[in-house]
Structure formats: C-alpha cells, structure tokens
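The values are calculated or read from the model by the stated rules, or taken from the named source; none is laboratory data. All values derive from a computational prediction rather than experimental measurement. Cβ atoms come from the backbone with ideal geometry, glycine included; neighbour counts cover every protein chain shown.
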C-alpha cells in the first residue's frame, strides 16, 4: 500500500475478529517500530508485547473498561524509558524526549498495522500505575500508549479534520 493511502485508510478500530495476527505481520510491525526515529537514536522506550488473556483484561480494566483491548489478539504497550535519554539530554530527555520517542514508535506501529490490513486504535486514557502493574514495569518506566492490534470487525468512517488553513500558521501564531 502506498504511504499516503495508508495514512488516508488509517482508522481507530475498536472491534476485532477472532483471527490471529500472523507472526510475519507482527514481525514487520515490530521492525517498523524499531525503525522509528528517536532523539539521538537512543530509542528511549520499551515495547511490551501482550498476548495473554488475563493481561489483556487487566489492561482493559486499567483503561477504564475499554474492553475492546481484551478482544484484540495482540496488544502492544509503549513505555517511555527516561534513563535512556536523560544521560545525554538531562531533564529534557527525561521529561520530553522519551515520551516523544515512545509516541513516534507507536505511530509507526499504528501505520504499519494499517498497511498490512490490520486494525488498531491508540489508547491513551488509562491509569498509569495499573497499566505498569499489568505489564510488569516499574518507575522510572512510564506507560505512554496501548495499541491493540487485530483484523478489523468494523470499518469506521473517516472523522472530520480541521481545514489546513485553520491548522497551519505562517511563522507566528
């Protein structure tokens, strides 16, 4: 699929069929994550691959009952790792760059899933401590995003977007 077609087809999918995600597709998604740019090429994030039913249910509870998380065959949890960037960038690396790195990596996974015919949805509404406990991470690691992956059981319509002339500004706001 062409890159711009991938972008235009990407939707937030919250319903999944029971079909398993093939290992080859999952591997390609993880390779896309690994190829994501990061501050200083430090990759200040970790990815937790979740397939266990109980862990997926715990993630759904941690995300205030977003039960579609538990229905996805695979869930990726993106976790910022401040220590990987703070040694080089200090406080800015600890507070910002690791978060940016994790979100860029999640975006790569999100788009790669679309390109491979899979559905996904970015989940950012959750209790940090409950997600961390569910996937077995502790501070300073910080959960940033949950990305359920699977074959879509729905075809959401495109959502309205802001016109570019409202979104893009010339040099000064």
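Numbers below:
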quantity	calculated
Residues satisfying the stated conditions in region 99-144, i.e. out of contact with any strand residue (DSSP E or B) (no Cβ under 7 Å at 6 or more places or on another chain) and either part of a loop (DSSP other than H, G, I, E, B) or without any contact (Cβ under 8 Å) to a residue 40 or more places away in the chain (or both)	116, 117, 125, 127, 129, 136, 138, 139, 140
Residues satisfying the stated conditions in region 26-44, i.e. surrounded by 19 or more Cβ atoms within 10 Å (Cβ to Cβ), part of a helix (DSSP H, G or I) and either modelled with pLDDT under 95 or in contact with a strand residue (DSSP E or B) (Cβ under 9 Å, 6 or more places away or on another chain) (or both)	26, 29, 33
Qualifying residues in region 139-154 (those that are more than 10 Å from the chain's Cα centre (by Cα) and within 16 Å of residue 99 (Cα to Cα)) - the one surrounded by the fewest Cβ atoms within 10 Å (Cβ to Cβ)	139
Some residue of region 81-97 being modelled with pLDDT of 95 or more, within 20 Å of residue 125 (Cα to Cα) and in a strand (DSSP E or B)	no
Residue in region 73-86 that is buried (at least 19 other Cβ atoms within 10 Å of the Cβ), without any contact (Cβ under 8 Å) to a residue 40 or more places away in the chain and over 21 Å from residue 25 (Cα atoms) present	yes
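Each row is one residue, and each column tells you yes or no for (1) within 25 Å of residue 158 (Cβ to Cβ); (2) out of contact with any strand residue (DSSP E or B) (no Cβ under 8 Å at 6 or more places or on another chain); (3) surrounded by 21 or more Cβ atoms within 10 Å (Cβ to Cβ).
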| position | (1), (2), (3) |
| --- | --- |
| 3 | yes, yes, no |
| 8 | yes, yes, no |
| 21 | yes, no, no |
| 24 | no, yes, no |
| 48 | no, no, no |
| 57 | no, yes, no |
| 64 | no, yes, no |
| 67 | yes, yes, no |
